[in-house]
Amino acid sequence: MNAWLALITSLPTENATARMRAWRSLKGSGAAVLRDGVYLMPGRDACRVRLDAVAADILASGGSALVLRVEEPEGSDFAGLFDRSREYADLLEEVARARDALTRDAAADGLKQARRLRKVFSALADTDFFPGEAHRQAAAAVLELEHRVAQLTSADEPRPIEIPVPRLDIRQFQGQTWATRARPWVDRLASAWLIRRFIDPAARLLWLPTPADCPAGAVGFDFDGARFSHIGARVTFEVLVASFALESPAINRLGGIVHFLDVGGVQPPEAAGIESALAGLRRIVADDDQLLQLASAILDGLLASFENTGSTP
């Protein structure tokens with residue numbers, strides 16, 4: 001049996017601003033309405049924090065508010081009040097329209113739509129306290145849309161394969177030639193930086209006109225058939241991190257940015273600025289080695305910032 005929390009509240013009718021603020025906060029938190037002035041959420045710590053915050057704001061505005069633990073009466077279906085199936089169905093319709101409108105000429109618009117729909121899904125999932133099949137279908141549809149957009153924005157973008165990520169001995173990958181597609185974008189730039197910074201400092205980078213040009217003996221990355229490429233939900237950068245056990249809070253945070261900019265997903269706050277900086281460099285720098293050198297300085301700075309989070313800049 002689920003535990004439940006109820007917020008019982010009232011505000012003076014003349015305080016319209018506070019009433020609207022409370023309503024928006026409760027709606028954004030995913031609270032269900034039991035009756036006028038009584039709101040329900042699952043009895044979880046995160047929900048308690050949300051309701052306590054709303055209650056504190058109501059009290060500060062001259063109203064009354066009380067958060068209580070309550071039991072579900074026999075024959076009631078409190079969980080049904082949180083059914084998000086209709087919202088997921090609406091989202092699936094939007095994803096289908098965006099998918100049907102995708103063309104190579106409209107890839108930029110498709111990218112914007114995919115990112116918008118990812119935000120919609122993330123917000124909906126945040127208030128889906130009892131996820132089920134509708135959640136799974138929506139998650140898969142948004143992910144598929146993001147992969148289709150990635151295929152359009154980069155013709156040779158690798159398709160993910162479903163295999164376990166191998167754990168490898170970093171000593172076996174020293175002094176290698178590493179090869180990837182020319183004119184690198186975020187995943188390839190970040191992967192090349194990771195290789196030189198943490199995996200193979202003496203690495204020689206080879207930029208391929210096409211994946212078919214990869215020479216025998218080179219360690220390929222970020223193309224179909226490469227030694228390192230997308231696996232499951234991981235982009236190449238994340239696969240390299242996992243393969244060589246390079247995980248750390250700072251590296252993982254950087255991986256979240258690379259993941260979002262390559263295939264979509266939850267948008268980190270730094271992503272837009274990093275995308276703009278790298279896009280600008282890619283536009284004005286024709287030499288891929290120079291592009292990597294400049295991009296590496298950005299990634300070095302970002303990593304240092306993440307490693308020192310909480311300290312004064």
Helix 271-284: angle to the longest alpha-carbon principal axis of the chain, degrees 0 to 90, nearest 10? 30 degrees
Give me the Å³ per residue figure for the convex hull around the C-alpha atoms of the range 252-313. 94 Å³
Percent RCO, i.e. relative contact order, over the range 4-81, from Cα pairs under 8 Å lying at least 6 residues apart: 46 percent
Using the Cα centre as the reference, give the magnitude of the dipole from point charges on the C-beta atoms of the chain (Lys, Arg: +1; Asp, Glu: -1; all else neutral), rounded to the nearest 20 debye. 420 debye
Let me check against my output: what whole-number percent is the relative contact order of the range 170-307, with C-alpha pairs under 8 Å and at least 6 apart? 26 percent
Sort 174-181, 298-305 by packing, meaning the average of other beta carbons within 10 Å per residue, with the highest value first. 174-181, 298-305
Take the alpha carbon atoms of the range 192-211, find their center, do the same for the range 99-125, and report the distance between the two centers in whole angstrom. 31 Å
Nearest-ten-degree value, helix 133-153 long axis tilted from longest Cα axis of the chain: 30 degrees
Residues with amide H under 5 Å from that of V70, placed H, sequence gap 5 or more: W4, L5, A6
Output the Cα-based Rg and Dmax of the range 64-181 in Å, rounding Rg to one decimal and Dmax to a whole number. 21.3, 69
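Quick note: the coordinates plus some simple rules give every number you see, no bench work behind them. Values in this document were obtained by computation on a predicted structure and should not be read as measured data. When we count neighbours, we look across all protein chains shown, and the Cβ atoms used for this are built from the backbone with ideal geometry, even at glycine.
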